[in-house]
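Asker: Once you've had a glance at the structure underneath, I'll fire off some questions.
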Amino acid sequence: MVGDGSRIGGPPGMPPRVGPETPASAAKEPSAPKSSERPPSDSFIKGEARPRVDHGPQGKAPVPLGREASGSTDLLRLARDNPLAARQLVGALAGQAAATLSEIEKASIAARQVLEQLAQERFAKSAREKKADELRRQREKLQALKLRHAMAQRKMALLQQIAGKLGDPRLDQELDRILSHHKKLKTAWGKRHHLLDIGDTLFGDLPDTPEHLQQVIKAEVRAGTHGDEAAELLGEISPRAVIAELIARTLDGSTRPAAEVAAGARRGELGRAAQSYALFGDLLAQALADDPLGED
Amino acid sequence: MQGPEILTLTTDELAFFRLTCDLFPNGESPLRFLADDEQEPADCESLFVSLRERGLLNADGSGAAQHVLDRLAPVSECHARINLAAQRDGRAPRDFFLAGGVGVEYRRDAEQHSFGAARSEAALTAELAQLFHTAPAPRTPSLRLSAGDYLVFAVFARDLRAAPVDQPAGDAPMSLDEVLAYFDEPETKVVRTPSDDSWRASVASLAEQGVLVSSGDGHALHADWHPLARQIVADRQHTISRFDFLDEQWLVREVSIYPTEAGVYRLGTEPDGAVVLQELSTSTLADVLGNVVSTLPNLLTADAPPTLKNPQLAAHALKRR
């Protein structure tokens with residue numbers, strides 16, 4: 001629980017989502033540890049703080065998809081569990097998109113006819129007033145069709161590009177634990193070690209994630225018409241970028257005062273991802289202002 | 001953004017193109033305000049004349065010319081956004097908006113809106129790569145370190161920075177006790193933190209990887225790492241991010257790159273938690289940027305590519321397997 005008692009990831013001022021929810025431990029079954037890839041001196045950190053689940057002799061446990069509350073949940077599940085059905089759905093969406101495109105072309109021609117008449121009159125005020133209602137209708141029709149087309153394209157892209165093979169980043173689920181652990185640390189070096197050591201929570205974790213998706217993060221964004229603002233903010237407070245900066249500042253001993261994160265993001269107005277980033281960002285901001293290896 | 005290929009339009013001119021049904025900004029578009037505020041052009045007749053004189057209207061004057069549409073559409077009906085943010089270089093972040101594999105840079109200065117040329121993702125990758133001066137081959141190996149190992153690496157780097165520049169390499173090694181002195185303040189037992197044994201193991205691990213060299217009764221940073229260790233790198237951070245707007249889920253990819261006099265480095269964390277220090281050569285920089293900039297492949301097709309890396313390198317890797 002954070003702040004006013006609302007749950008991290010939940011919408012502001014609303015009770016937590018109700019629905020089938022897997023236990024936290026089961027929802028985040030990480031893949032088998034890549035012990036051979038880790039330096040030997042790392043063994044003291046991993047494994048104990050976050051126990052890994054034994055996947056048994058088959059090597060792979062059934063993979064829960066985790067909590068996904070958006071309308072895309074079913075699509076992702078479908079793509080993962082039934083690629084054939086997903087391909088069929090993509091085909092259907094492509095058909096819909098083509099039909100919508102054809103409607104867009106028709107509507108564009110109709111609008112263009114009106115606009116050609118206006119152009120002939122050099123967009124004179126009287127001509128525009130005469131055609132204003134008709135042009136508005138045409139524009140609104142085109143707007144609606146374009147929105148429908150874009151939604152179909154995005155659903156297709158979601159099915160095709162992720163295909164259910166991308167896990168949710170663990171930051172959402174582990175943020176409370178991270179914040180509470182960090183509070184308990186007393187030394188500057190302990191705090192810096194802690195932040196450098198939790199980089200893996202920023203990523204999703206599924207055993208069969210293809211190589212090119214391993215560095216991709218899924219972020220639930222509820223931006224409505226404020227997508228531009230949300231993208232700007234997510235870029236500014238991205239924990240991966242700030243941790244990269246932390247790595248660099250640990251090396252060169254420099255510090256910088258951090259900027260305030262928009263309160264709306266902290267309240268969850270732009271969705272779960274921005275909220276987690278903002279809450280985690282406060283911790284990272286404090287770290288950026290300190291040099292853990294410098295003299296007091 | 002500068003150069004003759006930039007198209008600059010005023011808010012009023014954009015409102016004119018909205019009137020002519022050439023602009024339908026979606027929720028993620030920076031032009032969204034035109035729709036939200038239902039912006040109408042103030043003086044259509046004079047706008048019509050000036051836009052036609054500038055060659056920005058189509059043949060019959062009923063809307064935007066194709067070359068204008070090519071720039072407006074990816075920004076107003078974007079499916080993805082690429083952002084380049086540089087720390088403290090005094091320049092504003094650069095934003096590229098993408099639709100259908102075509103990207104256009106967009107920037108707003110009050111009522112002036114600048115649109116760069118439409119370019120493919122490959123051209124965009126090349127343009128971003130040209131911002132960095134890489135060596136054909138890296139001088140230092142890639143390092144993947146645990147958090148503890150990285151702190152020890154930083155301790156040696158900081159020790160080197162404190163030493164005179166003309167001091168011969170390995171002339172003032174750090175003993176284990178000196179390393180441990182950085183971490184001698186006791187830490188809580190509630191959270192797992194490294195112990196003295198762990199720090200010793202980190203020194204041994206770095207020595208084994210050739211990052212540290214044994215010298216006298218201690219260790220020193222290998223000379224290959226001196227140029228990086230002696231520089232302030234953090235203020236040169238360049239972060240390139242891509243956001244794909246898919247339904248309610250966005251996909252985020254990003255990389256942080258640090259150009260230095262010694263070379264270009266990628267610093268960051270990996271999905272397994274490792275801290276990465278990678279000097280980028282010309283081809284690895286192209287791969288790293290391509291991984292962020294390129295549209296993700298369709299995984300539902302049987303011939304989905306296993307990687308977004310440079311196709312030649314990917315083919316080479318497949319052959320080696």
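Asker: Within the stretch B:168-182, can one find any residue that is more than 14 Å from every other protein chain (Cβ to nearest Cβ), surrounded by fewer than 21 Cβ atoms within 10 Å (Cβ to Cβ) and in a helix (DSSP H, G or I)? Before you say what the answer is, go through the steps one by one.
Answerer: Taking the stretch B:168-182 and keeping what is more than 14 Å from every other protein chain (Cβ to nearest Cβ), we get B:168-173, B:175, B:177.
The next check asks that each one be surrounded by fewer than 21 Cβ atoms within 10 Å (Cβ to Cβ); those that pass are B:168-173, B:175, B:177.
Retained after the next criterion (residues that are in a helix (DSSP H, G or I)): B:177.
Within the stretch B:168-182, one or more residues are more than 14 Å from every other protein chain (Cβ to nearest Cβ), surrounded by fewer than 21 Cβ atoms within 10 Å (Cβ to Cβ) and in a helix (DSSP H, G or I).
Asker: So which residues in the stretch B:49-101 are over 18 Å from B:ILE6 (Cα atoms), surrounded by 14 or more Cβ atoms within 10 Å (Cβ to Cβ) and charged (D, E, K, R), if there are any at all?
Answerer: B:GLU77, B:ARG81
Asker: Inspect all residues belonging to the stretch B:198-218 and state whether any of them is in a strand (DSSP E or B) and touching a His at 6+ places or on another chain (Cβ under 7 Å). First the steps, then the outcome.
Answerer: Pass one, the stretch B:198-218, residues in a strand (DSSP E or B): B:212-215, B:218.
Narrowing further to those that are touching a His at 6+ places or on another chain (Cβ under 7 Å): B:212-213.
Checked the stretch B:198-218: at least one residue is in a strand (DSSP E or B) and touching a His at 6+ places or on another chain (Cβ under 7 Å).
Asker: Report whether or not A:ILE162 is hydrophobic (A, V, I, L, M, F, W, C), within 15 Å of the chain's Cα centre (by Cα) and within 14 Å of A:GLN275 (Cα to Cα).
Answerer: On the way: hydrophobic (A, V, I, L, M, F, W, C): yes; within 15 Å of the chain's Cα centre (by Cα): yes; within 14 Å of A:GLN275 (Cα to Cα): no.
For A:ILE162, the condition - hydrophobic (A, V, I, L, M, F, W, C), within 15 Å of the chain's Cα centre (by Cα) and within 14 Å of A:GLN275 (Cα to Cα) - is not met.
Asker: Residues to consider are A:ARG266, A:ARG240; find the one that is buried (at least 19 other Cβ atoms within 10 Å of the Cβ), farther than 26 Å from B:ASP272 by Cβ and among the basic types (Lys, Arg).
Answerer: Values: A:ARG240 fails: farther than 26 Å from B:ASP272 by Cβ.
That would be A:ARG266, the only listed residue that is buried (at least 19 other Cβ atoms within 10 Å of the Cβ), farther than 26 Å from B:ASP272 by Cβ and among the basic types (Lys, Arg).
Asker: Evaluate the stretch A:249-259: report whether one residue or more is within 25 Å of B:ASP95 (Cα to Cα), touching a helix residue (DSSP H, G or I) at 6+ places or on another chain (Cβ under 9 Å) and surrounded by 22 or more Cβ atoms within 10 Å (Cβ to Cβ).
Answerer: Looking through the stretch A:249-259, none of the residues is within 25 Å of B:ASP95 (Cα to Cα), touching a helix residue (DSSP H, G or I) at 6+ places or on another chain (Cβ under 9 Å) and surrounded by 22 or more Cβ atoms within 10 Å (Cβ to Cβ).
Asker: Would you mention how many residues in the stretch B:248-270 are out of contact with any His (no Cβ under 6 Å at 6 or more places or on another chain) and surrounded by 21 or more Cβ atoms within 10 Å (Cβ to Cβ)? Break it down into steps so the answer makes sense when it comes.
Answerer: If we filter the stretch B:248-270 for residues that are out of contact with any His (no Cβ under 6 Å at 6 or more places or on another chain), which is where we start, we get B:248-256, B:258-270.
Adding the requirement that they be surrounded by 21 or more Cβ atoms within 10 Å (Cβ to Cβ) leaves B:249-256, B:258, B:264-265, B:267-269.
Residues flagged as out of contact with any His (no Cβ under 6 Å at 6 or more places or on another chain) and surrounded by 21 or more Cβ atoms within 10 Å (Cβ to Cβ) within the stretch B:248-270 amount to 14.
Asker: Only residues that are within 16 Å of B:PRO74 (Cα to Cα), at the interface with another protein chain (Cβ under 7 Å from one of its Cβ atoms) and crowded, with 21+ Cβ neighbours inside 10 Å: list them for the stretch B:29-48, please.
Answerer: B:SER29, B:PRO30
Asker: Here is a further query. Out of (1) under 30 Å from B:SER195 (Cβ atoms); (2) modelled with pLDDT under 90; (3) in contact with a Phe, Trp or Tyr (Cβ under 7 Å, 6 or more places away or on another chain), what's the single condition that is false for A:LEU196?
Answerer: (2)
Asker: While we're here: Scan the stretch B:219-242 residue by residue and report those that are part of a strand (DSSP E or B) and in contact with a Lys or Arg (Cβ under 8 Å, 6 or more places away or on another chain). So that I can check it myself, show each step before the final result.
Answerer: Keep residues of the stretch B:219-242 that are part of a strand (DSSP E or B), which gives B:219-221, B:238-242.
Answer for the stretch B:219-242, where residues must be part of a strand (DSSP E or B) and in contact with a Lys or Arg (Cβ under 8 Å, 6 or more places away or on another chain): B:SER241, B:ARG242.
Asker: Hey, B:ALA154 hits all of (1) within 14 Å of chain A (Cβ to nearest Cβ); (2) over 30 Å from B:PHE245 (Cα atoms); (3) among the aliphatic types (A, V, I, L, M); (4) touching a residue at least 24 places away in the same chain (Cβ under 8 Å) but one; which does it fall short on?
Answerer: (4)
Asker: Scan the stretch A:154-201 for residues that are in a helix (DSSP H, G or I) and either more than 7 Å from every other protein chain (Cβ to nearest Cβ) or among the charged types (D, E, K, R) (or both) and report the count. Full working, then the answer.
Answerer: The initial filter retains those residues of the stretch A:154-201 that are in a helix (DSSP H, G or I), namely A:154-161, A:171-184, A:188-196, A:199-201.
Those still in the list that are either more than 7 Å from every other protein chain (Cβ to nearest Cβ) or among the charged types (D, E, K, R) (or both) too: A:154-156, A:171-180, A:182-184, A:188, A:191-192, A:195, A:200-201.
Summing the residues that are in a helix (DSSP H, G or I) and either more than 7 Å from every other protein chain (Cβ to nearest Cβ) or among the charged types (D, E, K, R) (or both) in the stretch A:154-201 gives 22.
Asker: Hey, another quick one. Would you mind telling me which numbered condition in (1) assigned to a helix (DSSP H, G or I); (2) within 14 Å of chain B (Cβ to nearest Cβ); (3) more than 24 Å from B:GLU248 (Cα to Cα) A:ASP282 fails?
Answerer: Here A:ASP282 clears every test but (2).
Conditions (1) of a type in the set (Asp, Glu); (2) at pLDDT 90 or above; (3) part of a helix (DSSP H, G or I), marked per residue:
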position: A:GLY204; (1), (2), (3): no, no, no
position: A:GLY224; (1), (2), (3): no, no, no
position: A:ALA230; (1), (2), (3): no, no, yes
position: A:ILE247; (1), (2), (3): no, yes, yes
position: A:PRO257; (1), (2), (3): no, no, no
position: A:ALA265; (1), (2), (3): no, no, yes
position: A:GLY268; (1), (2), (3): no, no, no
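Asker: Out of B:SER215, B:SER195, B:SER205, B:SER175, which single residue is touching a Gly at 6+ places or on another chain (Cβ under 6 Å) and at pLDDT 90 or above?
Answerer: Working: B:SER215 fails: at pLDDT 90 or above; B:SER195 fails: touching a Gly at 6+ places or on another chain (Cβ under 6 Å); B:SER205 fails: touching a Gly at 6+ places or on another chain (Cβ under 6 Å).
Matching residue, one of B:SER215, B:SER195, B:SER205, B:SER175: B:SER175.
Asker: Any idea which of (1) more than 23 Å from A:ILE247 (Cα to Cα); (2) modelled with pLDDT of 95 or more is the one B:ALA137 doesn't satisfy?
Answerer: Every condition holds for B:ALA137 apart from (2).
Asker: Also, quick follow-up: Looking at B:SER76, B:SER50 in this structure, which one is of a type in the set (S, T, N, Q) and touching a residue at least 40 places away in the same chain (Cβ under 8 Å)?
Answerer: Step by step, each of B:SER76, B:SER50 is checked, and only B:SER76 is of a type in the set (S, T, N, Q) and touching a residue at least 40 places away in the same chain (Cβ under 8 Å).
Asker: Could you check, for the stretch B:162-176, whether at least one of its residues is in contact with a Phe, Trp or Tyr (Cβ under 6 Å, 6 or more places away or on another chain) and more than 30 Å from B:ARG91 (Cα to Cα)?
Answerer: Let us first name the residues in the stretch B:162-176 that are in contact with a Phe, Trp or Tyr (Cβ under 6 Å, 6 or more places away or on another chain), namely none.
Among the residues of the stretch B:162-176, not one is in contact with a Phe, Trp or Tyr (Cβ under 6 Å, 6 or more places away or on another chain) and more than 30 Å from B:ARG91 (Cα to Cα), which makes the answer no.
Asker: Does B:ALA286 meet the test of being outside any loop (DSSP other than H, G, I, E, B), in contact with a Gly (Cβ under 6 Å, 6 or more places away or on another chain), among the aliphatic types (A, V, I, L, M) and crowded, with 18+ Cβ neighbours inside 10 Å? First the steps, then the outcome.
Answerer: On the way: outside any loop (DSSP other than H, G, I, E, B): yes; in contact with a Gly (Cβ under 6 Å, 6 or more places away or on another chain): no; among the aliphatic types (A, V, I, L, M): yes; crowded, with 18+ Cβ neighbours inside 10 Å: yes.
When the stated conditions are applied, B:ALA286 does not pass them.
The values are calculated or read from the model by the stated rules, or taken from the named source; none is laboratory data. Every value quoted in this text rests on a predicted model; they were computed, and no experiment measured them. Because the Cβ atoms are built from the backbone with ideal geometry, glycine has one as well, and the counts that use them run over all protein chains shown.
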